[in-house]
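One structure is given below, encoded as structure tokens.
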Amino acid sequence: MSDDLKEKVKNAVSKVNDPHMGVSIVEMGIVQNIEVDNDNNVKITLKPTNPACMSVARMAADAKALASEVEGVDKVEIFVEGHSMAESINEMINKN
């Protein structure tokens, strides 16, 4: 089940485009990893192409929203890596 759910989450977040390139964050390799645990909690790791990318917070928020809408998903956490503001972004995105 978790592999099927992982694929559904990947398809959902692939609708998020890098606003500068107009290309899916999955296609661009910004989505580094998607994990689904036994309780259907999802952890998505994003790594922007630029460590100062001003759009990463928006992309992370959009990815979280779309992944949260996938049927069967319980909770979604987004982790941004390799960004100068990663800690602040992660705290903001995952505060609820």
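The values are calculated or read from the model by the stated rules, or taken from the named source; none is laboratory data. Quantities reported herein were computed from a predicted structural model and do not represent experimental measurements. Please note: Cβ atoms are built from the backbone with ideal geometry, for glycine as well, and neighbour counts cover all protein chains shown.
I need a count of the residues in the range 28-52 that are within 14 Å of residue 81 (Cα to Cα) and either at pLDDT 95 or above or touching a helix residue (DSSP H, G or I) at 6+ places or on another chain (Cβ under 8 Å) (or both).
12
Within the range 32-63, if we keep just the residues that are in contact with a strand residue (DSSP E or B) (Cβ under 6 Å, 6 or more places away or on another chain) and over 20 Å from residue 21 (Cβ atoms), the residue that is surrounded by the fewest Cβ atoms within 10 Å (Cβ to Cβ) turns out to be 33.
A Cβ distance below 6 Å, combined with a sequence gap of six or more or placement on separate chains, defines the contacts here; from the range 70-96, residues that are surrounded by 13 or more Cβ atoms within 10 Å (Cβ to Cβ) reach residues that are in a loop (DSSP other than H, G, I, E, B) and among the charged types (D, E, K, R) in the pairs 81/47; 82/47. The set of residues from the range 1-27 being farther than 23 Å from residue 86 by Cα and among the charged types (D, E, K, R) comprises 3, 4, 6, 7, 8. Among the residues of the range 1-27, those that are surrounded by fewer than 16 Cβ atoms within 10 Å (Cβ to Cβ) and in a loop (DSSP other than H, G, I, E, B) comprise 1, 14, 15, 19, 20, 21, 22, 27. Scanning the range 36-66 for residues that are without any contact (Cβ under 8 Å) to a residue 24 or more places away in the chain and under 13 Å from the mean Cα position of the chain (by Cα) returns a single hit, 65.
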